[in-house]
């Protein structure tokens, strides 16, 4: 929060701002003090906002041409692709946009894990973020059902059947979700409604996410609090706006590559076959961004426990601020955590890989080991590391390691050894 | 106000909350129940199938309530195999006699009890069905033998209307 009171210059501005302080808000957002050592990993918040807006705008346009009916949905998507002016472009942006959204959110989450951004006093920001992530997965799943192809239909069948694992009421819940005795037209129409709703829920949560962020301010690569008043910060505009803008441009190049050069590589060919309730495709896999959790689901041989393990793998993230007992935020000063961090990254990538492979033989074994390690990381390694790890001395301020000439000789030495 | 005594106002508060809760519940329930199967879906509850053209060793698949139903005319070998299985070897012990009253005809929901895929006919390690989604193997009685599925494939309510016609549902 900017500390000074803001007064608009013009008379009308003052009149308006006294009644609705929008200009004060705008002033807060432009002057918002930002740590000056933020690196490019911090640009993904802006990139994610761009992704959300892109999905909402392209989604709105697609909804003008799409027909949510089991007999017409598949054809209406092909109609969009072939007949609607620029329909192919808008749909490819929307479909690949989902993947880009998840790519950015995973970078955003792993940045937070590396620099300890989830720790006090930023727990609420983190938990809102996890809720947004859950809603993103729901929206992506619901949206994938709408084209009513084979993967749509069978993906919907498998995911809704996850609820049948709940004892006693499971079957009733599944029938309720379907509005029938199988995935059918009532399922499609309600999925369309919910797919339309969720992005606006996410938008609301994004506002809360940013609001909660602006209370303590940004974390930063050094992970220490900003000293006030100091030269540790720069105003959001123009410094961060320009930096975010440049990163966004780079991101859009990657985005455009997928949209224009290989728009279907992240999808499945089976989804260009219309849904057929009598034939299950030989190999059902979810979209790439859900594969690690799919691998966890399949690695447990019991139906209920498999579902519990998969949900726990996501929900455990919400408890992270309390599972990580270390007071030091940034992994830069945590030599052991830094290694376990990269092992976790590898573990999640391995889970993603085996999630795309058939659940048998060596793949299944690897999935089981990787699943066990995933939980081990959060439930054992992180709490223990907080007590055992000998952390490096942290600098006194953000400016200190940059300007050098530090009174803390050990820090300066460490910095040199890190740079080697 | 010093004494903690139940007075008229406390009673009114409690009564108001109670009536409010009932009102909210009564308002929300239609919003929830509208998602359950509607009258037109329920009306399609039974299907009649002519099975006169099915030869022994063949399976036909028909759609009932949007789900596939396997109707297999089993050979004598298959019946013998299904009936010879030791119940202690089964994850979900059920006698074949209970699953197929008329041993020649096995009528069951072609839906894997794991996560609802359609298993493939005459595949898997037990000469029955194999689910390609997550690798569940079923025997020739549709009983789960290996893999993540918790139970045998379900037997729907059905009856022979005459020698050649099965009514499912």
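Points to keep in mind about this one:
- Residues A:157, A:391, sorted so that the one with the fewest Cβ neighbours within 10 Å comes first: A:391, A:157
- The mean sequence separation of alpha-carbon pairs under 8 Å and at least six residues apart, normalised by the residue count of chain A, gives a relative contact order of 21 percent.
- Förster radius 22 Å - calculated FRET efficiency between residue B:36 and residue A:278 (Cβ-Cβ, nearest 0.05): 0.35
- Ordering of A:95-107, A:247-259 by burial proxy (mean other Cβ atoms within 10 Å per residue, highest first): A:95-107, A:247-259
- Ordered by the count of other Cβ atoms within 10 Å of each Cβ, fewest first, A:168, A:134 give A:168, A:134.
- Rel. contact order, % - alpha carbon contacts under 8 angstrom, at least six apart, chain B: 19
- Comparing Cα centroids, segment B:80-116 and segment B:4-43 end up 45 angstrom apart.
- Inter-part distance, segment A:87-141 to segment A:355-369, computed on C-alpha centroids, equals 26 Å.
- Taking Cα atoms only, the orientation of helix A:73-82 departs from the longest principal axis of chain A by about 70 degrees.
- Expressed as a fraction of 2.2 N^0.38 Å, the value expected for a compact globular protein of N residues, the C-alpha radius of gyration of the protein assembly as shown is 1.18.
- Going from the residue with the fewest nearby Cβ atoms within 10 Å to the one with the most, A:5, B:78, A:78 rank A:5, A:78, B:78.
- Angle in degrees between helix A:150-161 and the longest Cα principal axis of chain A, rounded to the nearest 10: 70
- Mean Cα-pair separation over length for segment A:1-142, i.e. relative contact order, pairs under 8 Å, 6 or more apart, %: 21
- Take each residue in B:104-117, count the other chain C-beta atoms within 10 Å of its C-beta, and the mean is 4.
- 10 Å Cβ neighbours from other chains, averaged over peptide A:153-161: 4
- Each residue, residue B:53 and residue A:252, gets one label point 7 Å from its Cα in the Cβ direction; the gap between the two is 5.9 nm.
- Mean ellipticity per residue at 222 nm, deg cm²/dmol - from DSSP H runs of n ≥ 4 across the protein assembly as shown, formula -39500 (n - 2.57): -16500 deg cm²/dmol
- Annotation for segment B:146-168 versus segment A:240-271: alpha-carbon center distance of 49 Å.
- 18 Å cut-off, amide nitrogen to a point 7 angstrom out along residue B:86 Cα→Cβ, residues in segment B:142-167: B:144-146
- Taking the longest Cα principal axis of chain A as reference, the axis of helix A:22-31 is set at about 70 degrees.
- Largest-first principal axis extents, alpha carbons of segment A:273-353, Å: 57, 23, 21
- For segment B:19-169, the alpha-carbon coordinates run over 66, 36, 25 Å along the three principal axes, in decreasing order.
- Förster radius 35 Å - calculated FRET efficiency between residue A:40 and residue A:264, Cβ distance, rounded to 0.05: 0.75
- Legend: mean number of C-beta atoms from other chains within 10 angstrom of residue C-beta atoms, peptide A:304-310, equals 1.
- Cα-based shape type of segment A:28-284, given that a ≥ b ≥ c are square roots of the gyration tensor eigenvalues and the cut on a/c is 1.5: prolate
Just so you know, all these numbers are worked out from the coordinates, no wet-lab data involved. Just so you know, these numbers come straight off a predicted model, no measurement behind them. All Cβ positions, glycine included, derive from the backbone under ideal geometry; neighbour counts span all protein chains shown.
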